[in-house]
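Since the structure comes first, as structure tokens, the remarks are kept for the end.
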Amino acid sequence: MDRAELTNEQVLKRDIPWEHYMSTKLISGTCLQHLRRYDHKQESERARLLDEDGPAYIRVFLNILRGISKEETVEYVLALIDDMLTSNWFVQEKSCKILTHVVSARPKLQNGMLPNGEASNSKSKLTSTHDVLRGLVDWLCSQLRNPTHPNCSVLTAVHCLSNLLKEPFVRTLFVQADGVKLLIPLISPASTQQSTQLLYETCLCIWLLSFYDAAVDYLSTTRVMPRLVEVVKSSTKEKVVRVVVMSLRNLLAKGAFAAQMIDLGLPQIVQNLKAQAWTDEDLLDALNQLEAGLKDSLKKLSSFDKYKQQVLLGHLDWSPMHKDPMFWRENINNFEENDFQILRVLMTVIDTSTDTTALAVACYDLSQFLQYHPSGRIVVADLKAKDRVMKLMNHDNAEVRKNALLCVQRLFLGAKYASFMQA
């Protein structure tokens, strides 16, 4: 069988010459005793040994990985550690950290060669490593979804990911495991030293993911940008500010992030940050680059781009463009993009929002579409907007009632007659 196709179960059937390793002083006598008690024992027996003396076995396996380079032995010990991820929390945590350490510290291949010039059996090694990584990433994601330890699961998972996501293959696995969304709730201002470290390592994960297009595409569908901006605005820890600013700098040129940053007031926040006495040169350089990029984006950003971001993010307020006739005349055809996506989102706001300003603006914008688009009444009728807007005519807020009424009038009577009645 091709060694690249070996499973954990097959690897663990091997007989490893532990006595030979002791005679050549690669392992100690104590290490050999632990291995004899543990190796090839039933799962229940191994679990008992780990419960009794877990730290000792962790040290044994780590010493083997550090001191022995023979491929069959390394694969064997990695398979043992991989099996430990089903054990108690202490063993899970230590096993996870060992695997992370081994993966992060291993030599990187360059044109099929190791740094010392030796050729690598790349297919089998790569497949074996990838299998270990896949199981590790799945376990880390499971800890973020459903922590098995109330205090340690999330901290351990994020810590390991902040190291592992340096690997391009791990980024791919993490996106495939739907892990990106699990980081977003962790991005919030920190109040304790422990939560500051968690925040820093979470933002470090975001920075590492910002180099991977598939992860960036996923991030664009989340509320990562408002959270990052809130953190950078309120944090006083230099390392947190640095990694967030570097993440923002990377994301600026991708997708619609520039419009979001501008809408969230990031240009002014960057100005405020530059006025502070930072000592980190990387942070100062990143701030300068971010400032220049934002200025350039602001020049290129059309009024419709800004409006679209407001709607898609649900940040509807009475900014000038909503009541600017020129905006509606020049951009009304843009509302047809993606099968009238903007209108559909406005209807979602009308159906679900509890923000009275957002409700009033959504109704007003819908009425403006009815006024300026030649097929406005047909399009809005197809969206079954009438009953949904009419519900807001009895809203407690007067501004919501007023704009819901205007929208319904334009839907029933047409823009010309509705405007006459409003006058």
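The values are calculated or read from the model by the stated rules, or taken from the named source; none is laboratory data. Keep in mind the model is a prediction, meaning the values are calculated, not measured. Ideal geometry is used to build each Cβ from the backbone, glycine not excepted, and the neighbour counts take in all protein chains shown. For the accessible areas, the whole protein counts, side chains as well, though only heavy atoms, and no ligand, DNA or RNA atoms are used. Shrake-Rupley method; radii C 1.70, N 1.55, O 1.52, S 1.80 Å.
At a Förster radius of 25 Å, what calculated FRET efficiency corresponds to the Cβ-Cβ distance of S302 and T357, to the nearest 0.05? Given R0 = 25 Å and the Cβ-Cβ separation, E is 0.60.
What's the local net charge at M321, with K and R +1, D and E -1, over the other residues with C-beta under 15 Å away? Let's see the in-between values first.
Numbers: positive: K306, K308, K323, R329; negative: D263, D305, D317, D324, E330, D365.
Local net charge: -2.
Fully extending the segment from L12 to E281, taken as 0.36 nm per residue of separation minus the present Cα-Cα distance, adds 91.9 nm. Under the criterion of Cα pairs below 8 Å and six or more residues apart, the relative contact order for the chain equals 8 percent.
A Förster distance of 30 Å, applied to the separation of the beta-carbon atoms of D387 and S319, puts the FRET efficiency at 0.55. Taking every protein chain into account, the 1.4 Å probe leaves K237 with about 110 Å² of accessible area, to the nearest ten.
Only protein atoms count toward the accessible area here, which uses a 1.4 Å probe; on the chain, the carbon and sulfur part of that area reaches 51 percent. Counting only protein chain heavy atoms and rolling a 1.4 Å probe, the accessible areas of F211, F340, F369 rank, largest first, as F211, F340, F369.
On the beta carbon distance between E52 and N288, with R0 = 45 Å, the FRET formula returns roughly 0.20. Each of K323, K13, K299 has its accessible area taken with a 1.4 Å probe; listed largest first, they run K299, K13, K323. The heavy atoms of L50 present about 10 square angstrom of accessible area, all protein chains included, probe 1.4 Å.
Remark: for residue pairs K323/K391; K274/K306; K13/K41; K13/K70; K254/K308; K166/K237, the C-alpha separation exceeds 20 Å in K323/K391; K274/K306; K166/K237. Long hydrophobic helices in the chain, taken as whole DSSP H segments with a C-alpha length of 18 Å or more on their own axis and mean Kyte-Doolittle hydropathy at least 0.0: 71-84, 89-105, 193-209, 238-251, 337-352, 356-372, 398-413. Projected label points at R59 and K237, each 7 Å from Cα along the beta carbon direction, are separated by 3.1 nanometres.
Kindly report the accessible area of the chain per residue (heavy atoms of protein chains, probe 1.4 Å, no ligands, DNA or RNA), in Å². Accessible surface, normalised per residue, equals 50 Å².
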